[in-house]
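Below is one structure, written out as structure tokens; the observations come after it.
A short reminder: the numbers here are calculations on the coordinates, not readings from a lab. These numbers come from a predicted model, not from an experiment. Quick reminder, even Gly has a Cβ in these numbers, built from the backbone with ideal geometry, and neighbours come from all protein chains shown.
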Amino acid sequence: MSLIYVLDLCAVAICAITTTLEARHRDLDLFGVLVIAVISGIGGGTLRDILLGRLPVYWIHDPVYVEVGLLAGALTFFLGRKIALPKNFFLIPDAIGLALFTVIGTSVALKLEAPWLIAALMGVITGVFGGVLRDILCNQLPLIFRTDIYATASLAGALLFIALDAYALNQAAAMLCAMSTIVVIRLAAIHWHVQLPRLK
């Protein structure tokens, strides 16, 4: 299995876990949690593939993505009923999932020879759209619109990955640098409540 494939599966699992941790506060049953977990896990990549004309979308011909999402969601659902976690614990794995999805989405776009700006945008879309779907289905304002720096961290990591890739840095090293940057920015923003200027 390629590095991209393994990271992609890890990202789906992490997204399903964070979704389940968030959804458990919404009084949903197992079926509802698993549906939202899977949709959240594959949502960003689905929109990316549609926009890039990469059809059929990736999980149609490889259902392992859906299986991983279901398994991660189910395990988290049952463990979450037995283990008390802080309310906002999901923000930490969410930052890791954001980093993984962003770099994967950017890499996919670059392999399809998309211009650098479009590749960066595809990375951001892959990174944040699953979380947007999660929050909408959980009947709350998406995290991207109500929290400390989120999409900006994704964009910074995508641009860094593109720059490192242009200089022919080892792919694994470029991914690690970009993902680390996203996680550090996101967690620092959470810790110090760093936000972009607001309209009012």
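Find the relative contact order for the chain and round it to a whole percent, using C-alpha pairs within less than 8 Å whose residues are 6+ positions apart. Walk me through the numbers before you get to the answer.
Working: 290 pairs, mean separation 47.4, N = 200.
Relative contact order comes out at 24 percent.
How big is the equivalent ellipsoid of the chain along its three axes, where each semi-axis is √(5λ) from the Cα gyration tensor, reported in whole Å from largest to smallest?
Working: eigenvalues 132, 84, 44 Å².
So the equivalent ellipsoid measures 26, 20, 15 Å along its semi-axes.
Taking only Cα atoms, what is the 0 to 90° angle, nearest 10, from helix 30-52's long axis to the longest principal axis of the chain?
So the helix axis and the longest Cα principal axis differ by about 20 degrees.
Grab the beta carbon distance between residue 112 and residue 140, set R0 = 30 Å, and tell me the FRET efficiency rounded to 0.05.
On the way: r = 34 Å, r/R0 = 1.12.
Once rounded, the FRET efficiency stands at 0.35.
Can you tell which of 50, 164, 30 lies farthest toward the positive end of the dipole of the chain, using +1 and -1 charges on the Cβ of basic and acidic side chains (Lys, Arg; Asp, Glu)?
Among 50, 164, 30, the one farthest towards the positive end of the dipole of the chain is 30.
Most mobile of 18, 152, 102 per a Gaussian network model of the chain (Cα springs, under 10 Å)?
Result: 152 has the largest fluctuation of those listed.
Helix 3-23 sits at what angle to the longest principal axis of the chain, using alpha carbons and giving 0 to 90 degrees rounded to 10?
30
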